[in-house]
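Enquirer: Pasting in a structure now, in structure tokens, and then I'll have a few things to ask.
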Amino acid sequence: MRFLWRAVRGIHRELLRDAAALALAVFAIGTSFGALAVAAGIAPWMAIGMSALIFAGGAQFLVVGVVAAGGSVTAALAGGLMLNARHLPFGLAVADVIGRGWAARLIGAHLLVDETVAFATSQPDRARARRAYWTAGCLLFLAWNLGTGIGVVAGEAVGDPKALGIDAAFPAGLLALLLPSLRESAALRVAAAGALVALFTTPLLPAGLPVICALAGLVAAGRRRR
Amino acid sequence: MNWFAVLALATGTYAFRLAGPVLRERLHVGEGVQRLLTLGAVALLGALIATSALADGGQFAGWARPAGVAAGALAAWRRLPFVVVVVAAAATTALLRALGVR
């Protein structure tokens, strides 16, 4: 576990602070998930298990939504898997950041979420990207599961995150993390193209596919400048 | 919802997550491919930002959310600290909703 010790030693306060800010938002959404899951009839331990084993907000809320609407378990499973398919290209992109040892890979893979990828890609070099990934990953995993646990127990006492505008915090946070990378023109073109493709396909395709289609935006990448 | 489905979703998701790092080990990718992979992540993140700012499921998320994201984007563009960006976005959206904007 030497990689973990090395990562911890180098953590900068700034990184910790930024990750903590997002972790707070993740915590709030986690409580919402816990409360909603229980309200939809999912057993408390199952909701907690979902957050620990799946650790993917989008898919988890989709499952709760399908269950609450009385849909089939198969539909929930299929939807969740489609939503999470984007983790494959994400994993390919941050493979070198996660690390080489089997422990790093096995644990690091579980911490792969949109936000940890964004944190990693926002850093200028690999060492910092690795620290960012693991710091954010561990903090967000803790926040998500703690939030779920509290949401499951507190139930109705949990407020509506939408009233606090937390649903705007995530896109804004991701944008703040992505912005430095967008100074490179190829990245800007690809991000814009990807966004447009996803937006156009959102009304047409089931959840998860529009974002995958964004990879078509890579045609805007152009040639590598030497 | 049963445990089989939870474990199936967990396993499938984990397989997606692990596949990347495992595959990268086996395929020695050059700089050009690495660049495309990184740009691929950028494309996905751009798509996530746009869709989560504007859409809720398959529908429009209302005006309050994109307005909040825009406020956060402005703060980010002005290089304000990350915490300020996140708080500005949430606060703007919360304020608009409190004022009755959907």
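The values are calculated or read from the model by the stated rules, or taken from the named source; none is laboratory data. Computed from a predicted structure; not experimentally measured. Neighbour counts run over all protein chains shown; Cβ positions are idealised from the backbone, glycine included. Remember, those area values only see protein heavy atoms, side chains included, never the ligands or the DNA or RNA. Shrake-Rupley method; radii C 1.70, N 1.55, O 1.52, S 1.80 Å.
Enquirer: Under 7 Å between Cβ atoms, at least 6 apart or on separate chains: pull out the pairs that start in the range A:73-89 with a residue that is open to solvent by less than 50 Å² (accessible area, probe 1.4 Å) and end on any residue that is basic (Lys, Arg) and assigned to a helix (DSSP H, G or I).
Expert: Going by the 7 Å Cβ cut-off, the qualifying pairs are A:His87/B:Arg17.
Enquirer: What are the residues in the range A:19-48 that are assigned to a helix (DSSP H, G or I), touching a residue at least 12 places away in the same chain (Cβ under 8 Å) and at the interface with chain B (Cβ under 8 Å from one of its Cβ atoms), if any?
Expert: A:Ala21, A:Leu22, A:Ala25
Enquirer: Test A:Glu156 against the criterion of being more than 26 Å from B:Phe16 (Cβ to Cβ), within 11 Å of chain B (Cβ to nearest Cβ) and open to solvent by 20 Å² or more (accessible area, probe 1.4 Å), and give yes or no.
Expert: no
Enquirer: So, in the range A:191-223, of the ones that are within 21 Å of A:Leu174 (Cα to Cα) and without any contact (Cβ under 8 Å) to a residue 12 or more places away in the chain, which residue ends up farthest from the other protein chains (Cβ to nearest Cβ)?
Expert: A:Phe200
Enquirer: Considering each residue of the range B:1-16, count those that are more than 7 Å from chain A (Cβ to nearest Cβ), within 14 Å of A:Ser72 (Cα to Cα) and among the β-branched types (Val, Ile, Thr), and give that number.
Expert: Count: 0.
Enquirer: Against the conditions (1) more than 28 Å from A:Ala47 (Cβ to Cβ); (2) in contact (Cβ under 8 Å) with a residue 24 or more places away in the chain; (3) not in a helix (DSSP H, G or I), where does B:Leu96 fall short? Just the number, please.
Expert: (3)
Enquirer: Would you check if A:Ser51 is assigned to a helix (DSSP H, G or I) and modelled with pLDDT of 95 or more?
Expert: Yes, satisfied.
Enquirer: Now a separate question. Go through the range B:66-87 residue by residue and tally those that are modelled with pLDDT under 95 and touching a Pro at 6+ places or on another chain (Cβ under 9 Å).
Expert: Total meeting the criteria: 0.
Enquirer: Right, another one. Would you check if B:Gly62 is assigned to a loop (DSSP other than H, G, I, E, B) and either over 21 Å from A:Leu182 (Cβ atoms) or facing another protein chain (nearest Cβ under 8 Å) (or both)?
Expert: Yes, satisfied.
Enquirer: Please go through the range A:62-93 and give me each residue that is closer than 26 Å to B:Leu39 by Cα and in contact with a Leu (Cβ under 7 Å, 6 or more places away or on another chain), ordered by number.
Expert: A:Gly79, A:Gly80, A:Leu81, A:Met82, A:Leu83, A:Arg86, A:His87, A:Pro89, A:Phe90, A:Gly91, A:Leu92, A:Ala93, listed by residue number.
Enquirer: Related question: Could you please give the count of residues in the range A:38-64 that are of a type in the set (Gly, Ala, Ser) and open to solvent by 40 Å² or more (accessible area, probe 1.4 Å)?
Expert: So the count comes out to 4.
Enquirer: Could you please find all residues in the range A:95-110 being over 30 Å from A:Ala40 (Cβ atoms), open to solvent by less than 40 Å² (accessible area, probe 1.4 Å) and at pLDDT 95 or above?
Expert: A:Gly108
Let's see how each residue does on (1) open to solvent by 20 Å² or more (accessible area, probe 1.4 Å); (2) over 21 Å from the mean Cα position of the chain (by Cα):
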{"site": "B:Asn2", "(1), (2)": "yes, yes"}
{"site": "B:Ala5", "(1), (2)": "no, yes"}
{"site": "B:Phe16", "(1), (2)": "yes, no"}
{"site": "B:Leu27", "(1), (2)": "yes, yes"}
{"site": "B:Ala50", "(1), (2)": "no, no"}
{"site": "B:Ala53", "(1), (2)": "no, no"}
{"site": "B:Ala61", "(1), (2)": "no, no"}
{"site": "B:Ala67", "(1), (2)": "yes, no"}
{"site": "B:Leu74", "(1), (2)": "yes, no"}
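Enquirer: Where the second residue is part of a helix (DSSP H, G or I) and charged (D, E, K, R) and the first is closer than 13 Å to A:Leu178 by Cα and facing chain A (nearest Cβ under 8 Å) and lies in the range B:65-88, which pairs have Cβ atoms under 8 Å and are six or more apart or on separate chains?
Expert: Listed pairs, sorted by first residue: B:Phe82/A:Arg17; B:Phe82/A:Asp18.
Enquirer: May I pose another question? Could you tell me whether the range A:149-169 includes any residue that is closer than 16 Å to A:Ala20 by Cβ and under 12 Å from the mean Cα position of the chain (by Cα)?
Expert: Taking every residue of the range A:149-169 in turn, none turns out to be closer than 16 Å to A:Ala20 by Cβ and under 12 Å from the mean Cα position of the chain (by Cα).
Enquirer: Take B:Ala98 and tell me if it is within 21 Å of A:Leu178 (Cβ to Cβ), out of contact with any Leu (no Cβ under 7 Å at 6 or more places or on another chain) and open to solvent by 40 Å² or more (accessible area, probe 1.4 Å).
Expert: no
Enquirer: On to the next question. Looking at A:Leu140, A:Leu177, which is the one that is touching a residue at least 40 places away in the same chain (Cβ under 8 Å), in a helix (DSSP H, G or I), under 21 Å from A:Arg13 (Cα atoms) and more than 9 Å from chain B (Cβ to nearest Cβ)?
Expert: From the options A:Leu140, A:Leu177, the qualifying one is A:Leu140.
Enquirer: Right, next: Does B:Leu36 meet the test of being facing chain A (nearest Cβ under 7 Å), surrounded by fewer than 22 Cβ atoms within 10 Å (Cβ to Cβ) and at pLDDT 95 or above?
Expert: no
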